[in-house]
Amino acid sequence: MIFKVLYQDTLTQQAKRETTKVIYVKANNESDARRLVEKNTKYNIEFVEEISGNHLKYEENEPGFKITKFN
């Protein structure tokens, strides 16, 4: 499954819509997606959402779409 993760750059930064960024990750479920990002970054995660079907097709057509892989 593909998950869209909305985040702020640092854990100390208060969430503001204007500075929210996004990454996409593959994971088995929402909890695994959140753990994967928490383990590999210092991001302040705002929201994790599974995307599929038409929503995924739409996101794939966006210029910045890329599935992030962590080592």
- request: Please determine, in degrees from 0 to 90 and to the nearest 10, the orientation of helix 30-40 with respect to the longest principal axis defined by the Cα atoms of the chain, where the helix direction is its Cα long axis.
  value: 50
- prompt: What 222 nm value per residue comes from the helices of the chain, counting each DSSP H run with n ≥ 4 as -39,500 (n - 2.57) and dividing by all residues, nearest 500 deg cm²/dmol?
  reply: -7500 deg cm²/dmol
- prompt: Within the chain, what is the number of lysine pairs with alpha carbons under 25 Å apart, leaving out pairs fewer than eight places apart on the same chain?
  reply: 27
field: Lys/Arg +1, Asp/Glu -1 at C-beta; segment 2-60 dipole; positive extreme among 45, 55, 31
entry: 45
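Read the figures in this text as sums done on the coordinates, not as results from a lab. Not measured: the values here are computed from a predicted model. With ideal geometry, Cβ positions are generated from the backbone for all residues, glycine too; neighbour counts draw on all protein chains shown.
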